[in-house]
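Structure, as structure tokens:
The values are calculated or read from the model by the stated rules, or taken from the named source; none is laboratory data. This is a predicted model, so every value here is computed, not measured. Glycine gets a Cβ as well: all are built from the backbone with ideal geometry, and neighbour counts include every protein chain shown. These accessible areas exclude ligands, DNA and RNA; they are computed on the full protein's heavy atoms, side chains included. Shrake-Rupley method; radii C 1.70, N 1.55, O 1.52, S 1.80 Å.
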Amino acid sequence: MDLETNRADSSLRRHSFKFSNAVNPIYDDMRDVMESGIDLPIIPGDDLSTASPVSPSPLEIISPLSTEAIIQCDDKKQETKKEVPWLMDYGLHLMHLSVFGILGVLTRYVLEKLFGPGVIGLTSNGSVLYLDLPSNMVGSFLMGWLGIVFKGDISRVSEHLAIGLTTGYLGSLTTLSGWNQSMLNLSVQGKWAFAVFGLPLGNARCFILADYSISYGVRTAQTFQRFLKTQRVIPLNGLSSAERSWKMDKFWRRFAVVVVLLLTLGLLWGISGALEKREFHSGSSGAELWLACLVGPLGVWIRWFLACRLNGRGLGKSGLLKWVPFGTLVANVSAACVMAALATLKKAVNTQTCNTVATGIQFGLMGCLSTVSTFIAEVHLLRESKHPWRGDAYALVTIVASFGLGTLIYSVPVWTRGYDH
């Protein structure tokens, strides 16, 4: 165990140049667990207990910059890593986050339209079954697959791809600020019963639906993983020949990926920009979507940066409350506040141009800045430590802060100034 811990520590130290003030994210009440074929990392600490395989590892959540410490690598891989310039490594992270972030925005829009009043009619703005509910459930379910069970397999091929799929795609597919704003809209409409009931409907132990989605995702992924191992599709130990052939451990392979990602990102932004220019003055939902695609990656970058800088650090030099993922907390609460401020602005100005710009920023930038999939995984992780109350406390602080500040920023001005009239 000491050997593996030293490997993780040395891997983290090698990446310390990326954020000069970054610290090793250590949770005091977690340790390595090997169960059902899922390998969770060994976390050094003075007070260690068992972390559930249902939860992603703290390093995966807290430090999305590098997952090398999560994967138990051999010395050959670590030597090969030195061949890759740090600037390319950093750029790969940003490009993966950007491309997958835009794809997350597009998927969220499709799910919103599919389950909304226009097609299936299951969700709506005037119901506790809010428009973002399907995307939050789907994203949480996929987090069980891509972010927990198969995260290690994906990272062995490319840690950038693993981060792009989880932090980029799933983080942008799910949004806490959109759910919070839906509850605020219900409250200003006088539907307090729906608003109050909406709080426990979305939260772990409180977020029941997302909580069940990620748990069910883990169970189904475990079953599928065992089937693949039984059929020898994936090896029981080590890397398969396919993984070795696709492994991003050479400069030329990463350079090829950089070129492909640059072309893809340029294409996505080019199409979005052209369609936004054509649709902007129409005031349609399409104009809002294409603007969201243009600004969405910025929200992903900010969330990723906050997670790298704040999660696992605690408060002050003593690291008080180190168990609180402050990066995710700040991202979710700040996104909810700005979302509420933009909603107030739309009420006050009430013009087509303002509505298009504000809604596009809400859906893209704020939607990607906040996340349910990572939040729900963190709540899981804390609830299944030896201090389960921490998960409930973290969830409660996030929800109360988002809804309380949102009420002051949005609901109070609407009530006092009579914007709805």
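Subtracting the Cα-Cα distance of Ser284 and Lys317 from their residue separation scaled by 0.36 nm leaves 6.9 nm.
Ranking Ser285, Leu329, Leu262 by Cα position along the charge dipole of region 245-357, where only Lys, Arg, Asp and Glu carry charges on their C-beta atoms, puts Leu329 farthest toward the positive end. Simple rule: put +1 on each Lys or Arg Cβ and -1 on each Asp or Glu Cβ in region 260-372, find the dipole, and look at Thr371, Ala358, Gly319; the Cα lying farthest toward the positive end is Gly319. The simple Förster model, with R0 at 41 Å and r as the Cβ-Cβ distance, assigns Thr223 and Val260 a FRET efficiency of 0.80.
Here r is the Cβ-Cβ distance between Phe251 and Tyr212 and R0 is 51 Å; the resulting FRET efficiency, rounded to 0.05, is 0.70.
Take 119-125, 270-276 and order them by the average number of nearby Cβ atoms within 10 Å per residue, most first; the result is 270-276, 119-125. Can you give the log10 of the normalised intensity I(q)/I(0) at q = 0.18 Å⁻¹, computed with Debye over equal Cα scatterers of region 275-421? Per q value, in the given order, log10 I(q)/I(0) is -1.04.
Hey, if we sort Phe224, Phe141 by accessible area with the 1.4 Å probe, largest down, what's the order?
Phe224, Phe141
The 3J(HN,Hα) values that the Karplus relation (6.51, -1.76, 1.60; θ = phi - 60°) gives for region 93-99 are, in residue order, 4, 5, 6, 4, 4, 5, 4 Hz. Gly and Pro appear as x. Centre-to-centre separation between the Cα atoms of region 108-130 and those of region 165-183: 15 Å.
Of the peptides 368-378, 100-110, the order by per-residue mean of other Cβ atoms within 10 Å, starting with the highest, comes out as 368-378, 100-110.
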